[in-house]
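The values are calculated or read from the model by the stated rules, or taken from the named source; none is laboratory data. No experiment lies behind these values; they were computed from the predicted model shown. Virtual Cβ from ideal backbone geometry, glycine too; neighbours counted across all protein chains shown. Ligands, DNA and RNA are excluded from the accessible area calculation, which covers all protein heavy atoms including side chains. Shrake-Rupley method; radii C 1.70, N 1.55, O 1.52, S 1.80 Å.
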Amino acid sequence: MKIERLDLQNFRTYSYTSLQFGPTLNVLLGQNAEGKTTILEAISMFAYGRSTRAKHEKELIQFGETQSQLRILFHRNGKQMDMAMKILEKGKQIKVNGVSKKNLSEFLGQLHIVFFTPDDLQMIKLGPDERRKFLNLNMGQFISGFVHHLRTYNQLLLQRNSLLRMRQFDPLPVWDEQLSTVGGVILSQRDQFIQELSFHATRIYKELSNQKETLSISYKTGVKGSNEISYRENLFEQLRQSAHHDVEKGFTTVGPHRDDLLFYLDGKPVSRFASQGQVRTVVLSLKFALFEYIREKTKELPIVLLDDVFSELDLSRQKHLLENLHGAQTILTTTDLENRLKANLNGKVFKIAHGIITVER
Ligand SMILES: Nc1ncnc2c1ncn2[C@@H]1O[C@H](COP(=O)(O)OP(=O)(O)O)[C@@H](O)[C@H]1O
Ligand SMILES: [Mg+2]
C-alpha cells in the first residue's frame, strides 16, 4: 500500500497544501508547533475515520473558516484509490472513488496504518479507556462492521443506563437481549484479535530484548465466553443477574465497555513493575505486532506513521525499526535529522514551517 498524494484545505494550520509522497521513507522536518503531526493526523483520519487528538471534529477546521477538506490518493492491491472528506461544523461528508458514503462502515477498511506516537506510552500507565481506544481504532481499520457494532452497542448502553437511573426494571430484558447480541460480536472479535496480536508481540519482544524476558498480552473481560454464541449467552445472563446492582450504581457494570488489555513480562504486570525502557519496548512490540497482523490479513504492507518517536530510540533500535518494516512506506516526523540518520537516508525530506511545506530533497 502506498500513498501518492495528500491534499488539505483549511485543515488546522494548512490553508492549502498538497504533498506527493515517495514510495519508501518520507521525513517531515520542522520545529515544534509547525504542523508536522497535523499531516499524520490527516492521514489517520482515513484509516480510523476520526482524529485521535481532537475532542470535537470542528476543532480540525482552520480558525476563521467554516469547512475543511481532505483528499488522499493511494494504491491498494494494485488499485488506485481516491478518498475524500469534507468536515463541516456539524458532521462530515465522505466519498470513496467519487461515491458518497452514508456511514463510516462503508468508508473504513480501505487505508491501513500503524501509528507510533509518544502518547503510546500512556497506554500502559493510564486506565483501560486508552487500551480500549487502541483496540477500537485498530480493529475498526479492517474488521468489517466493527465500528458499526460498537456504535450500536454504545447507543443501547446509554438507553439501558437511563432506564437504570429511572429504576425501570420491566423493560430491561428487551435491552439486555439487544445489548448482548451486539456485545457478543464485539467480545468475540476482540478476543480473536488480541490472541493473534499477542502471538506476534511475544516473538517481537524477544527479538528486541535479546531473549531476556517473555511478554504476554491478554484480554481481560468480565464476560465469560470463547466464541460469539457463548459470549452472547453469558452476557445476557450476567446483565440479568446484575440488574439490581446496576440500579444501585446507576450504570451498567458488565459488558465490553469494561474490557481491558493486560501486559505482563515474565508474569508480572508491566504497568507496575516495568522500567521506562521496558515499557517502551513493550509498546514498540505491540505496534510491530499490529504491523505483522495487518500484513498477514491484508497481504499488503500498511503505511507506517512515526510521530516524534524515532529520535528517542537508540541507534540499534532505529536500525531494527527501519529494517523490520520490509520496505513499507513510512512517514516520520522529527525536529532534527540526526546526521547519521541523514547519511543513511534513502527517501524524501519535506521541510515544514508555518503551515508551508517545501521539498528539501
Ligand atoms: N483549527 C486550527 N486552525 C489553525 N491552526 C491550528 C488549528 N488547530 C491547531 N492549530 C495549530 O497547529 C499547530 C500544531 O500543529 P502540530 O501539527 O501539532 O505541530 P508539530 O507536530 O509540528 O509540533 C499549533 O501551532 C496550533 O496552534
Ligand atoms: Mg507533533
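One line per residue, one yes/no per condition, for (1) in contact with an Asp or Glu (Cβ under 6 Å, 6 or more places away or on another chain); (2) part of a helix (DSSP H, G or I); (3) not assigned by TED's automatic domain parsing to the domain that holds residue 212:
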| residue | (1), (2), (3) |
| --- | --- |
| 252 | yes, no, no |
| 263 | no, no, no |
| 272 | no, yes, no |
| 279 | no, yes, no |
| 285 | no, yes, no |
| 288 | no, yes, no |
| 292 | no, yes, no |
| 295 | no, yes, no |
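Of everything in region 262-281 that is under 19 Å from the mean Cα position of the chain (by Cα) and at pLDDT below 95, the residue that is nearest to residue 39 (Cα to Cα) is 280.
Being under 18 Å from the mean Cα position of the chain (by Cα), within 16 Å of ligand 1 (Cβ to nearest atom), in a loop (DSSP other than H, G, I, E, B) and assigned by TED's automatic domain parsing to the domain that holds residue 18 is a condition met by no residue of region 337-359. Once region 188-246 is narrowed to residues that are at pLDDT 95 or above, under 26 Å from the mean Cα position of the chain (by Cα) and of a type in the set (Val, Ile, Thr), the residue that is most open to solvent (accessible area, probe 1.4 Å) is 214. Please verify whether residue 43 is under 19 Å from residue 304 (Cβ atoms), more than 10 Å from ligand 2 (Cβ to nearest atom), open to solvent by less than 80 Å² (accessible area, probe 1.4 Å) and modelled with pLDDT of 95 or more, treating the condition exactly as stated. It is true that residue 43 is under 19 Å from residue 304 (Cβ atoms), more than 10 Å from ligand 2 (Cβ to nearest atom), open to solvent by less than 80 Å² (accessible area, probe 1.4 Å) and modelled with pLDDT of 95 or more.
Residue selection: residue 8 fails the criterion of being more than 16 Å from ligand 2 (Cβ to nearest atom) and aliphatic (A, V, I, L, M). Cβ-Cβ contacts under 7 Å between residues 6 or more apart (or on different chains), taken from a first residue in region 293-310 that is without any contact (Cβ under 8 Å) to a residue 40 or more places away in the chain to a second residue that is away from ligand 2 (no atom under 16 Å from the Cβ) and assigned to a helix (DSSP H, G or I), are listed as 310/318.
If I filter region 118-165 down to residues being closer than 30 Å to residue 334 by Cα and assigned to a loop (DSSP other than H, G, I, E, B), which single residue comes out as modelled with the lowest pLDDT? In this case the residue turns out to be 142. Within region 225-242, the residues that satisfy the criterion of being under 20 Å from residue 253 (Cβ atoms) and either charged (D, E, K, R) or not assigned by TED's automatic domain parsing to the domain that holds residue 186 (or both) are 232, 233, 237, 240. Screening region 46-84 for residues that are within 16 Å of the chain's Cα centre (by Cα) and over 21 Å from residue 110 (Cα atoms) and picking the one that is nearest to ligand 2 (Cβ to nearest atom) gives 53.
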